[in-house]
Amino acid sequence: MKQCKVFVPFGALGAGISDEAFERGVALGPDIISTDAGSTDSGPYYLGSGRGKYARRAVKRDMERLIQAAHALHIPITVGSAGTCGSDLGVDELAAICQEICGEQGISAKLAKIYTQQAPQYLKEKYRAGRVRALEGAPDITEAVFDECSTIVGLAGAEPFMEALGQGADIVVCGRATDTAVIAAYPLMKGCDAAACWHAAKTAECGGLCTTDPQGGGVFLTIDETGFTVEATAPGSRCTPYSVSAHLLYENADPIRLTEPGVVVDTAASRYTQLENGRVRVEGTRLERTPYTMKLEGASPAGYQTISLVGIRDRGVMQDPLRWLKNLSQYMESALQKMGVPGESYRYELRPYGYNAVYGGPVPEGYVPNELGVMLTVTADTQELATQVAKAFNPYLLHFPVHRDQQLPSFAFPYSPAETERGRLYAFRLYHVAELDDPLEGCRICCETIGKEAGRNE
C-alpha cells in the first residue's frame, strides 16, 4: 500500500515547539517535514510592506531544527508563505537563513525557491481577458488597482511544490501558498489518495490546533490509499474525532467543503474513528476537480498614522464614558476646523479600552469601569498632518471635563512624548482569483546548492 508520513511541527515557522514534541515527531520516522510560515491574519501591513511578522531569531531557531532533523533522516522540507505574507523578499530572507544554517552546520543541501509575487502587468492582462473575479464579499475593481498595490501575491497550490521536489530539492521555500498545499504536495507525489491528502493537510495546517492541546506541539500524519491517521506529538495531547473534524471550521466558510486550487474537498461522508494512543483515523473523504484558479492577495498604502494613549480614572468620566468621548469629539472637530484643518484631510478614532473598545457594542446595564485607557488614532495622507492633529488633541486628552462648567480634571499619558508615529499604513485591496491555464504559470522556481557547496545555481 502506498503510504506517506508527514510531520507538521508547528502552525507557523517561528512559533516554536517543545523539545519533547519535536523529538517524538522525528522519532516517528517522517518521510517529509512540512510547515506553513505565514498568513494574512496579522493584517495588511506585512503584505503591503513585504516584511515578516516573526522574530528572525525565532525563525532561525525553528528552521535549524528542521534542517538538522531532515538531514539526519535524509528527507525533504517544505515551507509555505515564507516571511508571513509570502513576498519575494520573504522568500529571499528565509533562503538566507537556510544558507546560514547549512553553512554553520556543514550541511550541503539543494534549496528550491518558489516566488509567487505577481507582476501588475501580468494580472492586468488576465483582468482584460475576463479571467480575474472577486471572491464573495470583495469589492469590484478596475485594472488600476494592480498598479496601486505595493505587493500582490498569488497563493500557490500543490503543483509548484511537487515540481521543486521532483527536481530533487532538499529544502523548498515557497512564497504565498495555501496552508494545505505545502503539506499535501509530497503525499500526492507518492500516489496517496488525493482526497485524503488534502483533508489531512487541512487538518494539520495549524499544527496542534487539531488536538486537545492546541499550544502543545505538532501533529503527525500517516496518509495512504484509503484515508489518513493523525496523532499529536506533544506529551499528554491527543486527537479526538471532535478535535479533528472541528478544524474544518477554521478559516473556512463551509464546514463540509474546502476549496483549494483545482479541487474541492468534500467531507460530507467522512468517517472519524478514535484509535488507541490518541490517534484518529479518517476515511470516506471525496474530491471534486474544478477549473484551476489562483487566489490573489494585494495591499496598497493607506496613509500614515499617529497614536496617543491616555489613562483615565476620573469618576465623572467613568459614569458615562461615551458622553465624555462624544463631547470631546465635538469640541475637537470644531477646534481643528478653526485651526484650518479640513475634516476630509484626516480621520480619527477614540477607543475606550476597559469599556467597549474591543466589542464596540452596548455594555451591560449599570456597568461602571474602574479605569480606562483611551487610545486616539489619527490617520492622514502625511505623517506630519497625522501628528499635528494628534498634538491638537493632546491638552484635551489630558484635561477635558465631562461638563463645561467643571474644573479641569487631570488624566495621565503613560509615556512622553504622548504622540507615537506609526508610519505608513496599508489596506487590503485584492481578495480575488485569477484563472490559470497551467498551475505553474503564476510562480517562478529557482534552485541552488547551499552550505558546503554553495554558489552553484541550477
Discussion item. Through the Karplus equation 6.51 cos²θ - 1.76 cosθ + 1.60, θ set to phi - 60°, convert the phi angles of segment 371-376 into ³J(HN,Hα) values in whole Hz; use x for Gly and Pro.
Written reply: 7, 10, x, 9, 9, 9
Worksheet item: Which FRET efficiency value, to the nearest 0.05, is calculated for residue 367 and residue 143 with the Förster distance at 51 angstrom and r the Cβ-Cβ distance?
Response: 0.50
Response to the item:
Among 370, 358, 328, the residue whose Cα sits farthest towards the positive end of the charge dipole of segment 305-377 (+1 at Cβ of Lys and Arg, -1 at Cβ of Asp and Glu, taken about the Cα centre) is 328
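Identify the trypsin sites (Lys or Arg not before Pro) of segment 345-438 meeting these criteria: DSSP loop state and at most 10 other C-beta atoms within 10 Å of the C-beta.
Numbers: sites: 347, 391, 404, 422, 424, 429; in loops: 404.
The qualifying sites are 404.
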Item to complete: Would you work out which of 318, 82, 119 lies farthest towards the positive end of the dipole of the chain? Charges go on Cβ: Lys and Arg +1, Asp and Glu -1.
Response: 318
Worksheet item: Once label points are set 7 Å from the Cα along Cα→Cβ at both residue 344 and residue 394, what is their separation, rounded to one decimal in nm?
Response: 3.0
Response to the item:
For residue 292, the residues 5 or more places away or on another chain with a placed amide H closer than 5 Å to its own amide H are 436
Response to the item:
Simple SL model, points at 7 angstrom along Cα→Cβ for residue 253 and residue 269; separation in nm is 2.6
Worksheet item: If you count, for each residue, the other Cβ atoms within 10 Å and average over each peptide, how do 128-140, 218-230, 276-288 line up from highest to lowest?
Response: 218-230, 276-288, 128-140
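How would you rank 189, 294, going from fewest to most other Cβ atoms within 10 Å of each one's own Cβ? Show your work: numbers first, answer last.
Numbers: 189 17, 294 26.
Ordered from fewest to most neighbouring Cβ atoms within 10 Å, 189, 294 come out as 189, 294.
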Worksheet item: When Lys and Arg each count +1 and Asp and Glu each count -1, what net charge do the other residues less than 11 Å away from residue 276, Cβ to Cβ, add up to?
Response: +2
Worksheet entry | Model label zone, residue 335; criterion: amide N under 17 Å from point 7 Å along Cα-to-beta-carbon; scope segment 289-318 | 307-312
Fill in: Antiparallel %, DSSP beta bridges [both residues in the chain], to 5
85
Worksheet, complete the sentence: In nanometres, the difference between 0.36 nm per residue of separation and the alpha-carbon distance of residue 435 and residue 72 is 126.6 nm
Worksheet entry | Angle in degrees between helix 56-73 and the longest Cα principal axis of the chain, rounded to the nearest 10 | 10
Worksheet, complete the sentence: Rounded to whole angstrom, the alpha-carbon centroid of segment 87-108 lies from that of segment 114-187 at a distance of 22
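Would you mind working out the magnitude of the charge dipole of segment 299-429 relative to its Cα centre, with +1 at each Lys and Arg C-beta and -1 at each Asp and Glu C-beta, to the nearest 20 Debye? Walk me through the numbers on the way to the answer.
Details: 12 positive and 12 negative charges, 16 e Å.
That gives segment 299-429 a dipole magnitude of about 80 debye.
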Discussion item. Run the helix sum for the chain: -39,500 (n - 2.57) per DSSP H stretch of 4+ residues, divided by residue count, reported at 222 nm to the nearest 500 deg cm²/dmol.
Written reply: -9000 deg cm²/dmol
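Kindly state, to the nearest 0.05, the FRET efficiency for residue 215 paired with residue 92, given R0 = 22 Å and r defined as their beta-carbon distance. Mind showing how you got there, number by number?
Details: r = 31 Å, r/R0 = 1.40.
Given R0 = 22 Å and the Cβ-Cβ separation, E is 0.10.
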Discussion item. Less than 9 Å Cβ to Cβ from residue 250, Lys/Arg counted +1 and Asp/Glu -1: what total charge do the surrounding residues give?
Written reply: -1
Worksheet item: Once Rg/Rh (Cα atoms, Kirkwood Rh) is worked out from the coordinates, which option in [x] 1.52; [y] 1.01; [z] 1.05 does it equal?
Response: [z]
Response to the item:
Among 172, 237, 151, the residue whose Cα sits farthest towards the positive end of the charge dipole of segment 146-275, when +1 is placed on the Cβ of each Lys and Arg and -1 on the Cβ of each Asp and Glu, is 237
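No lab work stands behind these numbers, since they all come straight from the coordinates. Not measured: the values here are computed from a predicted model. Please note: Cβ atoms are built from the backbone with ideal geometry, for glycine as well, and neighbour counts cover all protein chains shown.
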